[in-house]
Every structure is written in C-alpha cells, then in structure tokens.
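Trainee: I am attaching a structure below and will ask some questions about it afterwards.
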Amino acid sequence: MREVWILAETKAGRVAPVSFELLAWARSLGSPEEISVAAVLPGPAADPEELCLHGADLVYHAADPALDGLAAAPVALVFGSLFARRRPEVLLAAATTTGRTLLPYLAAREGLGLTADCTELELERETGVLLQTRPAAGGNIMATIKTTRGLPQAATVRPRSRKPLARDPGRPVRVEMVALPAGAAAAAARGPRLVEELPFAESKGLADAPLVVAGGRGFKKKEGFALLEGLASRLGAEIGASREAVDRGWIEYPHQVGLSGRTIAPDFYLAFGISGAIQHLAGMQTAGTIVAVNADPDAPIFALSDLAVRGDLFDLLPRLAAALEDYRPAARS
Amino acid sequence: MKILVLVKQVPETDSLAIDPETGTVVRSEATSIVNPLDLYALEAALAIKDTRAEARITALSMGPPAAAVALKEAVAMGCDDAVLVTGREFAGADTWATARTLAAAIRRLGPFDLVFCGEKATDGDTGQVGPEVAAFLDLPVVTYAGAVELRDGPGGLVVRAERVSEDCGQIVECAAPLVLSFCKAVGEPRLPLLAGKKRAHDLAPRLLGLAELGLPAEEAGSRGSPTRVVRIASPRLTRETESLDARSEEGAEAACRRIVELLAEKGLVVPKDGAGREGRVKP
C-alpha cells in the first residue's frame with residue numbers, strides 16, 4: 001500500500017474546495033487497494049471531516065490558530081513531526097499562492113525535489129515513481145519530471161485541472177489531531193502575520209472562476225474596455241485581461257492573465273481583442289472551451305480556440321448582449 | 001541597511017510567436033532580458049533607497065558569464081553592486097539546487113536585512129526559488145508582495161507589505177530579516193538613468209565560484225538537483241477550430257448565436273423563465 005498525502009488549505013475557517021481537487025488527484029494515482037490517502041490540514045477549520053467525505057482515508061488536523069497559512073516555517077515543522085513517524089511516497093499541494101509558498105519552503109527544509117504546477121500525474125505501479133508533467137517554456141512543451149532522491153515525491157498541481165470527487169456521506173471519517181510541534185509557536189511568532197484583508201474591488205476570484213471574459217489591446221482605450229465589464233456582469237463572469245490592457249491602465253493587475261499574471265483554467269474563456277502573445281496563451285491554454293473574437297485572421301489565439309470569430313468587437317459586443325437577452329447566468333456554487 | 005535582490009536572465013518570450021499551422025514556436029530572434037518580474041523586486045528595493053539613502057543594494061545572479069548583462073541592467077537602474085555566481089558545476093540546477101547555491105552566496109555576502117526576488121521567472125515559471133531560499137536561510141518569507149513600507153520598531157526593522165492572493169489583498173507584517181517575492185502590484189519599474197548606465201558600463205560583477213561558496217560539488221547544478229526531466233513532448237497546442245466570419249451583419253448575428261449556444265451547452269447560461277424554446281434561437 002502506497003501512501004499519498006495532500007496539503008489541504010482553508011478559506012474563511014473551512015476546508016478550501018481546491019483541497020477536494022487534490023484528493024481527486026491523489027485517488028487517481030491508484031485503486032483504493034493500492035494507495036491510501038491522507039490530508040494534512042494546518043490551521044483551524046470547522047469541517048475537517050469534509051476531506052474524508054471527498055476521498056481522504058485520514059486527516060491530520062493541526063488546528064492551532066498559529067498556523068494561519070501565511071507563515072511557512074511552522075507548517076514545515078508540522079510536516080517534519082509527521083515525517084518523523086512516517087513518510088508518504090507522494091505529497092501534493094495546490095499551485096495556489098498558499099501552496100506555492102508552503103511547499104517550496106517545506107521542500108527546501110526536507111531536501112525534497114519539487115515540481116511546480118503539474119497538469120498530469122502518474123504513479124508507476126511497479127516502482128512507485130511519480131511522473132510529474134507540467135507545461136514548460138511558456139506552455140510550448142510538456143516536460144515530465146521525476147524525483148530522483150528523497151521521499152515524498154512532491155508536486156504542486158494546477159487548480160481546476162481536475163474535478164473533485166462527488167461528496168460521499170457514507171465514507172468513514174478519521175480525523176487525528178496533531179499538536180503544535182516544538183519550535184512551531186516561535187516560528188509562527190516570527191511572522192509574517194496578517195494585519196488586514198482587502199477584498200478586491202472588482203474581482204471575486206479570477207483563479208476559481210468557471211467563466212472568464214477577457215479583453216486586450218483591441219479595445220483601443222479604457223472607455224472601450226467598459227463594454228467588456230457590461231458583458232461580464234450580464235454573464236456573471238470574471239474579467240481577465242492581457243498584459244497590454246493592464247499596462248495601459250485599463251484594468252488592474254489582479255485581472256492579468258499570462259506568464260507575468262495569473263495562470264487560469266476556467267471552463268470557458270471568451271476573449272475579445274486579444275491577439276495571443278505566448279506570454280498570454282501560457283496563462284489560459286488549458287481552459288475547457290476557448291472562444292476568441294479578433295479582427296486579425298492571423299491572430300495566434302485562433303490556433304488555440306474552439307471557436308474563432310473574425311470580426312469587430314465593437315460591433316459584436318452589443319449584438320452578443322442582445323442575443324443573451326433571454327438568458328441568465330446559471331446558478332453556481 | 002543592506003538589501004539583496006535576486007536577478008535572473010531569461011529569454012524574451014514576447015518576441016516568440018506560435019506558427020498557426022503547426023502550433024510550434026517560431027523563435028525568430030529570442031533575445032535575453034532581465035526576468036520581467038525581477039524588475040518589480042528591483043523597483044521595490046530602489047524605492048526604499050529613495051527614502052533611506054544609506055541603503056545599499058546588491059544584485060545577485062546565478063548563470064553563465066553572459067548573465068553579467070542582466071546584472072549590469074540592475075546596476076544601471078541604481079543597484080550599488082553586482083555579484084554573479086558562475087561556473088560549470090552550477091549548470092542544470094533545478095529550483096532546489098539553485099536556491100541552495102543562492103542561499104550559500106547570500107550567506108557569504110551578507111548579512112542582509114532584506115532579500116528580494118521576483119515572484120517567478122518567466123522561463124521556468126515555478127516561483128519556488130524565493131521560498132526555498134528563505135528556508136535555506138532560515139528566514140520568514142512573504143510571497144506575491146506589492147508595495148512595501150518600512151518602519152523602525154522597538155525590536156528592529158518591520159516590513160509592512162501588501163500581498164496579492166487569489167481572492168483578496170492582504171496587509172501583512174514581518175520583522176526583518178526576511179525574504180520577499182514581488183509581483184507586478186509593485187508598480188511600474190523605473191528606467192535606467194544615464195549616470196547609472198555609465199556606472200554599469202564600467203562595472204564588472206564580482207564572480208563567485210563553488211570554492212568561494214564552500215559548497216560541495218555534489219550539492220550544486222544537475223548533480224545536486226533532486227529532480228530530473230525525463231521526457232519532453234510537444235503539447236497539442238492547436239485545437240480543432242470552428243472559424244466564423246463576422247464581418248457582415250448576418251455573419252455577426254450567426255457568430256453571436258453560436259457563442260450563446262456554446263455558453264448554454266456548457267451550462268454557463270440558462271434560458272430565463274418564460275423564455276421558451278422559441279426564445280433560445282432567434283430567427
């Protein structure tokens with residue numbers, strides 16, 4: 001029996017949904033007879049049992065409030081104390097701002113190899129070797145990476161690259177409380193500590209949005225970009241933007257999609273006036289459905305699109321709004 | 001006050017294009033630049049120096065001798081000195097070995113009050129080196145930082161930073177020394193001034209090799225890396241594309257109907273109550 005662990009995250013005092021995606025990844029590596037799955041949950045959370053109902057066999061819950069997801073050192077110490085008892089073959093975290101901070105810190109501490117932002121994982125049945133595949137070189141190649149020494153084999157996986165398993169209320173719940181190890185309180189006190197949260201004015205979470213409408217240089221000026229905002233609110237969509245649009249001050253940086261912004265994989269990406277520089281495409285090419293509207297028939301984004309519409313976005317946006325008159329956004333959780 | 005900024009030389013990605021026929025990269029003349037996200041780390045450090053004239057900024061890079069060009073740009077922007085870790089033994093390092101080497105160099109050059117880096121490099125795209133360097137140096141780390149403010153607290157220097165997470169901004173505080181990785185929220189990086197360019201022209205970065213770092217050869221470069229690339233494959237970058245010409249009125253109407261149809265197919269929009277089957281597809 002091989003062991004696979006995931007690093008669960010919390011959001012507003014509950015288990016963050018991205019953790020359920022990690023459990024689906026872990027379960028995909030083998031049958032229940034072949035692998036057991038444990039979730040390590042640092043920080044207070046009201047519903048650790050949800051991890052079991054979504055695929056974990058066991059939850060290690062280190063519920064001390066000193067573990068707020070911000071300070072990396074105390075989380076590394078929690079893992080250190082668990083590793084002293086047993087080391088899993090595989091450790092997965094989400095490639096979120098939290099996972100991409102905590103896991104590298106832990107990897108350096110524990111001498112672990114770490115692969116970032118994987119989109120495919122495969123556990124070799126015979127050897128137990130984890131094949132970690134990720135887009136590299138701006139998304140132009142897929143690189144498969146192996147850990148050559150040390151356990152666990154660690155990787156972060158791209159959010160929204162796998163759907164959570166259906167919640168099964170019949171699954172057994174096993175939650176083991178983990179005490180704060182020696183030194184962790186002091187490490188947490190060194191910081192960083194959260195002083196205040198500032199909700200984004202416009203974006204509720206581009207990274208998690210199932211539907212993203214995005215705009216680029218084709219909007220020509222800031223006033224043009226406002227048309228996109230109208231469509232987004234009609235569709236209940238989040239707004240993405242190319243680097244040009246952000247650099248020109250049409251929209252704020254948290255909306256930027258691409259190598260120097262966010263990498264996203266929504267179910268549906270609807271792009272207007274974005275030609276598709278590599279730096280942008282690398283940030284959205286794994287979207288489920290890609291629809292692009294552009295005046296230039298040679299726009300590189302068309303090669304990546306399921307539907308390529310050659311036309312004038314200023315003409316098409318009002319028409320699209322009219323065509324959507326009889327529709328409303330689907331209810332989403 | 002001493003600040004160290006990590007700088008990486010990367011290939012310019014904006015000069016690349018995808019061949020729409022084959023879906024492969026057209027590498028016309030890929031030039032090397034300073035990793036664009038490192039410019040925000042440099043800007044954050046230089047902004048501190050604007051108000052605290054005593055601050056000294058060292059730019060540090062690991063790479064081939066040609067990476068000196070990136071360090072010269074950092075000096076042209078206003079860094080005080082530049083150090084390049086270079087040598088055959090460092091080639092092929094993964095993030096673990098890179099961070100191990102950079103941390104050894106920082107120890108050797110330090111101590112520093114602040115260690116800055118970009119959120120990630122646009123070539124490797126991992127964002128792992130910053131937190132890994134922090135772990136090797138046993139320092140706290142703040143990632144995805146925007147603007148920072150410094151304050152002299154009773155126990156020493158305190159950094160207040162705005163951090164950009166997925167769904168909110170966060171004001172965080174941490175006492176120095178610490179590592180910060182910066183994202184674009186820092187604001188526009190400054191351009192090099194003529195005086196800086198002149199200084200950069202005359203400056204040769206200080207070189208550090210394996211011996212100076214006191215690192216065993218088996219802990220650097222590809223030998224020291226716990227990960228290996230075992231396979232490279234071309235992703236299917238192109239999709240089966242349905243193309244519509246929306247330059248005529250009929251074309252535009254048909255394209256919009258098709259977009260709505262796709263949105264409905266994927267369950268992202270549903271017909272409003274009362275909008276029956278007739279309402280779904282307008283004549």
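The values are calculated or read from the model by the stated rules, or taken from the named source; none is laboratory data. What you are looking at is a predicted structure, and each value in this text was computed from that prediction instead of being measured. Here Cβ is always computed from backbone atoms with ideal geometry, including for glycine, and neighbour counts include all displayed protein chains.
Trainee: Just to be sure I understand the filter: pairs with C-beta atoms under 8 Å, separated by 6 or more residues or on different chains, first member in region B:232-251 and more than 12 Å from A:L316 (Cα to Cα) and at pLDDT below 90, second member part of a strand (DSSP E or B) and hydroxyl-bearing (S, T, Y). Which pairs pass?
Mentor: Here the result reads B:I232/A:T144; B:A233/A:T144, each pair linking region B:232-251 to a residue that is part of a strand (DSSP E or B) and hydroxyl-bearing (S, T, Y).
Trainee: Next question. Being among the aliphatic types (A, V, I, L, M), crowded, with 23+ Cβ neighbours inside 10 Å, within 11 Å of chain B (Cβ to nearest Cβ) and within 18 Å of A:V178 (Cβ to Cβ) is true for just one of A:A73, A:A94, A:A107. Which residue is that?
Mentor: A:A73
Trainee: Right, here's the next one. Out of all the residues in region B:100-132, which are under 15 Å from B:T143 (Cα atoms) and within 8 Å of chain A (Cβ to nearest Cβ)?
Mentor: B:D125, B:T126, B:G127, B:Q128, B:V129, B:G130, B:P131, B:E132
Trainee: If B:C256 satisfies every condition in (1) crowded, with 16+ Cβ neighbours inside 10 Å; (2) modelled with pLDDT under 95 but one, which is the exception?
Mentor: Unmet for B:C256, out of (1) crowded, with 16+ Cβ neighbours inside 10 Å; (2) modelled with pLDDT under 95: (2).
Trainee: Given (1) under 28 Å from A:I290 (Cα atoms); (2) modelled with pLDDT of 95 or more; (3) surrounded by 14 or more Cβ atoms within 10 Å (Cβ to Cβ), identify the lone condition not met by B:A275.
Mentor: Going through (1) under 28 Å from A:I290 (Cα atoms); (2) modelled with pLDDT of 95 or more; (3) surrounded by 14 or more Cβ atoms within 10 Å (Cβ to Cβ) one by one, B:A275 breaks only (2).
Trainee: Of (1) crowded, with 23+ Cβ neighbours inside 10 Å; (2) out of contact with any strand residue (DSSP E or B) (no Cβ under 6 Å at 6 or more places or on another chain); (3) away from chain B (no Cβ under 11 Å); (4) not hydroxyl-bearing (S, T, Y), A:A63 satisfies all except one. Which?
Mentor: For A:A63, the exception is condition (1).
Trainee: Let me ask something else. Under the condition of being outside any helix (DSSP H, G or I) and within 14 Å of chain A (Cβ to nearest Cβ), which residue from region B:183-210 is surrounded by the most Cβ atoms within 10 Å (Cβ to Cβ)?
Mentor: Across region B:183-210, the extreme among qualifying residues is B:C183.
Trainee: So B:G169 ticks every box in (1) surrounded by 21 or more Cβ atoms within 10 Å (Cβ to Cβ); (2) within 11 Å of chain A (Cβ to nearest Cβ) but one. Which box is left unticked?
Mentor: It fails just one condition, (1).
Trainee: Restricting to region A:276-287, and then to whatever is outside any helix (DSSP H, G or I), of a type outside the set (S, T, N, Q) and farther than 19 Å from A:R310 by Cα, can you tell me which residue is nearest to the other protein chains (Cβ to nearest Cβ)?
Mentor: Here the residue is A:A282.
Trainee: Still on this structure, please answer the following. So, in region A:125-151, of the ones that are modelled with pLDDT of 90 or more and among the β-branched types (V, I, T), which residue ends up farthest from B:A233 (Cα to Cα)?
Mentor: A:T127
Trainee: May I ask you to list the residues in region A:1-43 that are within 17 Å of A:V157 (Cα to Cα), in contact with a helix residue (DSSP H, G or I) (Cβ under 7 Å, 6 or more places away or on another chain) and among the β-branched types (V, I, T)?
Mentor: A:V4, A:I6, A:V37, A:V40, listed by residue number.
Trainee: Then there's this: Which residue, of B:V141, B:V148, is in contact with a Pro (Cβ under 6 Å, 6 or more places away or on another chain) and touching a residue at least 40 places away in the same chain (Cβ under 8 Å)?
Mentor: Details: B:V148 fails: in contact with a Pro (Cβ under 6 Å, 6 or more places away or on another chain).
Result: B:V141 is the single residue among B:V141, B:V148 that is in contact with a Pro (Cβ under 6 Å, 6 or more places away or on another chain) and touching a residue at least 40 places away in the same chain (Cβ under 8 Å).
Trainee: Condition first: crowded, with 23+ Cβ neighbours inside 10 Å and not in a loop (DSSP other than H, G, I, E, B). Now tell me which residues in region A:260-275 satisfy that.
Mentor: Listed by number, the residues that qualify are A:F268, A:Y269, A:L270, A:A271, A:F272.
Trainee: Against the definition (over 17 Å from B:E188 (Cβ atoms), at pLDDT 90 or above and outside any loop (DSSP other than H, G, I, E, B)), how does A:I290 come out, yes or no?
Mentor: yes
Trainee: Which residue out of A:R87, A:R2 is touching a Gly at 6+ places or on another chain (Cβ under 7 Å) and in contact (Cβ under 8 Å) with a residue 60 or more places away in the chain? Explain how you work it out, then say what you get.
Mentor: Details: A:R87 fails: touching a Gly at 6+ places or on another chain (Cβ under 7 Å).
A:R2 is the lone residue from the list that is touching a Gly at 6+ places or on another chain (Cβ under 7 Å) and in contact (Cβ under 8 Å) with a residue 60 or more places away in the chain.
Trainee: So which residues in region B:94-119 are of a type outside the set (A, V, I, L, M, F, W, C) and in contact with a strand residue (DSSP E or B) (Cβ under 8 Å, 6 or more places away or on another chain), if there are any at all?
Mentor: B:D94, B:T95, B:T98, B:T101, B:R108, B:G110, B:P111, B:D113, B:G118, B:E119, listed by residue number.
Trainee: Also, I was wondering about something else. Of the residues A:I239, A:I290, only one is more than 10 Å from chain B (Cβ to nearest Cβ) and buried (at least 21 other Cβ atoms within 10 Å of the Cβ); which?
Mentor: Only one candidate qualifies: A:I239.
Trainee: Further question on the same structure: Taking region A:215-236 as the search range and keeping residues that are buried (at least 18 other Cβ atoms within 10 Å of the Cβ) and not in a helix (DSSP H, G or I), which one is nearest to the other protein chains (Cβ to nearest Cβ)?
Mentor: By that ranking, first place goes to A:G216.
Trainee: Could you please let me know if A:I278 is aliphatic (A, V, I, L, M), at pLDDT 95 or above and either touching an Asp or Glu at 6+ places or on another chain (Cβ under 8 Å) or outside the structural domain of A:L235 (by TED's automatic domain parsing) (or both)? Talk me through it step by step, then tell me what you get.
Mentor: On the way: aliphatic (A, V, I, L, M): yes; at pLDDT 95 or above: no; either touching an Asp or Glu at 6+ places or on another chain (Cβ under 8 Å) or outside the structural domain of A:L235 (by TED's automatic domain parsing) (or both): yes.
For A:I278, the condition - aliphatic (A, V, I, L, M), at pLDDT 95 or above and either touching an Asp or Glu at 6+ places or on another chain (Cβ under 8 Å) or outside the structural domain of A:L235 (by TED's automatic domain parsing) (or both) - is not met.
Trainee: Quick check on my filter: what residues within region A:303-333 are at the interface with chain B (Cβ under 7 Å from one of its Cβ atoms) and part of a helix (DSSP H, G or I)?
Mentor: Listed by number, the residues that qualify are A:A303, A:L304, A:D315, A:L316, A:R319, A:L320, A:A323.
Trainee: Still on this structure, please answer the following. Can A:D68 be described as assigned by TED's automatic domain parsing to the domain that holds A:L23 and modelled with pLDDT under 95?
Mentor: Spelling it out, A:D68 is indeed assigned by TED's automatic domain parsing to the domain that holds A:L23 and modelled with pLDDT under 95.
Trainee: Further, regarding this structure: Give the residues of region A:35-52 that are crowded, with 23+ Cβ neighbours inside 10 Å, more than 9 Å from A:I6 (Cβ to Cβ) and over 19 Å from the mean Cα position of the chain (by Cα), sorted by residue number.
Mentor: Once the filter is applied, which keeps residues that are crowded, with 23+ Cβ neighbours inside 10 Å, more than 9 Å from A:I6 (Cβ to Cβ) and over 19 Å from the mean Cα position of the chain (by Cα), region A:35-52 yields A:A45, A:P48.
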